[in-house]
1. Residue check: is B:Arg219 touching a helix residue (DSSP H, G or I) at 6+ places or on another chain (Cβ under 8 Å) and charged (D, E, K, R)?
2. Could you list, ordered by first residue, the pairs with Cβ atoms under 9 Å in which the first is in the stretch B:231-250 and within 7 Å of another protein chain (Cβ to nearest Cβ) and in contact (Cβ under 8 Å) with a residue 40 or more places away in the chain and the second is in a helix (DSSP H, G or I) and of a type in the set (A, V, I, L, M, F, W, C), at least 6 apart or interchain?
3. Which one is farthest from B:Val324 (Cα to Cα), of the residues in the stretch A:190-222 that are over 13 Å from the mean Cα position of the chain (by Cα) and within 14 Å of chain B (Cβ to nearest Cβ)?
4. Using the structure shown, decide if B:Gly67 is at pLDDT 80 or above and at positive phi.
5. Run A:Ile197 past the list (1) out of contact with any Leu (no Cβ under 9 Å at 6 or more places or on another chain); (2) not in a helix (DSSP H, G or I) and report the number of the one that doesn't hold.
6. Got a sec? Which helices (runs of 4 or more DSSP H) wholly within the stretch B:125-231 have at least 3 residues that are touching a Gly at 6+ places or on another chain (Cβ under 6 Å) and farther than 21 Å from B:Lys243 by Cα?
7. When the stretch B:153-184 is examined, which residues are found to be of a type outside the set (Val, Ile, Thr), on the phi < 0 side of the Ramachandran plot and touching a residue at least 40 places away in the same chain (Cβ under 8 Å)?
8. Which numbered condition in (1) within 29 Å of A:Ser203 (Cβ to Cβ); (2) among the aliphatic types (A, V, I, L, M); (3) more than 9 Å from chain B (Cβ to nearest Cβ) is the only one that A:Ala150 fails?
Amino acid sequence: MSTTNTPSGTASSPSRSGILARAENIRCVYGGGEEDFTAVDGVSIELGEGEILGLAGESGCGKTTLGNALAMIATPPLYVLSGTLEIDGETIDLSTLQPSDLKRHRPYRGRTVSMLPQGAMNSISPTLRISSLVRDVMRAHDPKITKDEALDLARERLKMLDMPVRVLDSYAHQLSGGMKQRMITVISTLQNPRLLIADEPTSALDVSSQRMLVEMLLEMVQQGIMSGVVFVTHDLPVLSQVSDKLAIMNAGSIVESGPTRQLVENAQHPYTRKLLSSVLDPSQETRRRGVARRSTTTEEVGTP
Amino acid sequence: MNLGRYIAQKTVWYLVALVAAVGLNFLLPRLVPGNPVDVIVSNLSRGGSVTSEQQKQVYESYVQEFGLDQSLWAQFLTYLGKVFTGDLGTSFAYYPASVNDLVGQALPWSIAVQLPAILIGWILGNVVGAIAAFRGGNWDRSVFTSSLFLSAMPYYCLSILLLYGFAVVAGIFPVGGAYSLGLTPEFSLSFIWDAVSYYWLPFLSLVVVFIGGQAVGMRSMAIYELGGDYVNYARAMGIRDNKITQYIFRNAMLPQITGLALAIGTLVGGALITELVFSYPGVGTLLFNAISANDYPVIQAVTLIITVAVLVANFAVEIVYGIVDPRIRAAKSGEK
């Protein structure tokens, strides 16, 4: 991974391994009319083999939009005006201006770049068995594969990750939130994608489920199921544990990026420092400071 | 996921509904003011040749024969016993014709119009609505506007408009009836060909309104489902559009299946009036004539058939709903 800041908000840094993917000059707008809202403004990123890139920033900064552009699932009113993704020696034009662009990208989705979505809780059709979704995902890229072959692969993957095989026979409503999220993670990686875009995968989970999912993702990267992950979240503590590299987004641009430890300990950009200082510290010291501040305020205002 | 338990529960509820419907079916015609025997006797004495003594004898004879001198409870028990043995009684107005014969002659005509109208209307309406949602643009706007217009139109209004336009003005179709005068209903090619020309207008007046209502509902549901997380995820996994369309269609169908159950009742009611407009010899016309003559047995038989038809249709729809949506099946069968 390499980082350099350019006027358009490009981020790159020296890679510790070979380059897996390079996305350049991604520009996304919402609207499509004269009053377009620019959500991602000329962002470029690089990801090395086996790396996890953490993409952080406050709500509305363009993280999810960038993730959608990279996963090639932008649909109106979101338009990708420009951008390329270089992966496995192939350069993919990410721009989606016509409905036909979505069809053009279909062969890459799920296999070259896969998505672990923000709304994973509702990502399975309520009237569909998990096994049917598995079959459809596998057949999307290999029309000749039989249902049994597809399910065998899924069973093998579940066993490898110490997950119960019987979930394949379930419907979404029969699974807990954590199990559903992990199942979606398995399905998203069934095709052994080169790059996984994980968009806030832990945001709706309790802490124990968060931990299980993060450990599962790390294990998958270690086992080579996918070659790299772009982990999108506003949860900086999670990112600091998971990612090799952090990129901080603000108002559609990457304002700073670098190795996670270096960036957390020695942030240069004022926005990065502000974002890092906004993380709540659960220690008693913080609680005492908060109580003291409230007391001061009460004294200033006066008691009835 | 216990489908058997789900079906058993539904069966019990529908049997309770059937018993309640049979009770109301017996009671309601008797709450109508007037006595059917009065109508029969007054018809007999129209010529002036029947003396008052003869009128009295005829009156008493009819009252005794129809059991109207018994208590309401005794009449109900007699009615129940006959219903469960398939005997719908004797018509007051067409005495001594049996109600079974009268209904047997009228029912095929009504089924021939209503069943295809329900099935074709529901399938076409849903397909048109789904296509409008997927294609969007001008196609969607024109389908939505015309469907909304049609669905808001009462069946009898469209019946009258079609009758005026295609039968009275253009003369393309016959004005009324089910077959040409002089013909006798039979299973011959010439008779069926003749009956088909009378069939189109009542059929169209039902099916067009039904298509409109179903298309509006399906379009709204499909548009809602298109924005679902599962659609975006399926797309992100590279699943083909036709497969994603199947997901959407299946989920959007759920409220439409409920809508079908509700619409069947409306359609059956609408069809009765449509039959009157076109002088179609179905159960609608039979019921109208029976109400005019206080013909209790016929009224009861027709309303019983309609009630049973609606209950059976709703029961079938509930079973299909349980099969299509596993959440409903789980919730209704008490699955944990």
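1. yes
2. Pairs that qualify, where the first residue is within 7 Å of another protein chain (Cβ to nearest Cβ) and in contact (Cβ under 8 Å) with a residue 40 or more places away in the chain and the partner is in a helix (DSSP H, G or I) and of a type in the set (A, V, I, L, M, F, W, C), are B:Arg250/B:Val324.
3. Top of the filtered list is A:Arg194.
4. Judged against the criteria, B:Gly67 is not a match.
5. (1)
6. Ranges flagged: B:137-151, B:189-226.
7. B:Met153, B:Pro154, B:Tyr155, B:Tyr156, B:Leu158, B:Ser159, B:Leu162, B:Leu163, B:Gly176, B:Ala178
8. Unmet condition: (1).
The values are calculated or read from the model by the stated rules, or taken from the named source; none is laboratory data. Owing to the predicted nature of the structure, the values given are computational and were not obtained by experimental measurement. As a convention, Cβ positions derive from the backbone with ideal geometry for all residues, glycine included, and neighbour counts pool all protein chains shown.
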